[in-house]
Amino acid sequence: MPSSGSSKIASKRNRKRSATGLFWCMLFVLVAQTAAGQGALLTARLKADVAVVSLSMVETSEKLLVKSAYDGQMAQVRFDLRIYHKGKGFLGIAGDRIIREKTIEQYGRWDPFSGRFIITDTEGHQWTTPRAEEYTKRLLSLSDTVITGIARDEESYLLARVGLKRVKLQVPFNLLDLFLPETKIVTPWVRWDFNFGEQS
């Protein structure tokens, strides 16, 4: 007949196995949730040799973004802008080259002490609001950013994309970022062709 000590050890092992199994089950469910449908909306206008660009991410779960902020997590949004000069290589694109490149990152979080959402960016700006709707709209968009030194011909174009890391977890939980596709979203590249005959 097994002793009471043996029963307790077996019980602890079973609880540990159950907890481990539950963890991997939850992880599997999270991994299975893929982020679909996100895209980027791009507009640009020219002023002499300067491009004024606006870029935003659309079809994103704004409720999840707000909830993660209330939970004390930080969101990171990255805007990648690349201006190409169209070359004359094989099939056109083979000769294209980057003439300007710009990346801006924005960070959003909820401050429980002031009761406001706070957004900062890599260019030193800060913006706050108590309203969740304004927070998500501002965090997911880049308005009227300037790119200088644009080639003055009709063979230049702009490629842009937006990357979103919806939760910025603390160590050691940020190791899960390697396995959770829904925490990281990158839109496809979108293109805008410049027409120097229609400058504003």
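From the list Leu55, Leu41, Leu64, the lone residue that is surrounded by 17 or more Cβ atoms within 10 Å (Cβ to Cβ) and aliphatic (A, V, I, L, M) is Leu55.
Scanning the stretch 109-133 for residues that are within 16 Å of Gln76 (Cα to Cα) and in contact with a Gly (Cβ under 9 Å, 6 or more places away or on another chain) turns up Arg109, Trp110, Phe117, Ile118, Ile119, Thr120.
Per the conditions (1) in contact (Cβ under 8 Å) with a residue 24 or more places away in the chain; (2) surrounded by 17 or more Cβ atoms within 10 Å (Cβ to Cβ); (3) of a type outside the set (D, E, K, R); (4) farther than 26 Å from Val190 by Cβ, the sole criterion not satisfied by Tyr70 is (2). In the stretch 35-57, is there at least one residue being over 30 Å from Ser156 (Cα atoms) and in contact (Cβ under 8 Å) with a residue 12 or more places away in the chain? Within the stretch 35-57, one or more residues are over 30 Å from Ser156 (Cα atoms) and in contact (Cβ under 8 Å) with a residue 12 or more places away in the chain.
Within the stretch 85-101, being under 23 Å from the mean Cα position of the chain (by Cα) and either surrounded by 17 or more Cβ atoms within 10 Å (Cβ to Cβ) or at pLDDT 95 or above (or both) holds for one residue alone: Arg100.
The values are calculated or read from the model by the stated rules, or taken from the named source; none is laboratory data. Please read these numbers as outputs of a predicted model, since none were measured by experiment. Ideal geometry is used to build each Cβ from the backbone, glycine not excepted, and the neighbour counts take in all protein chains shown.
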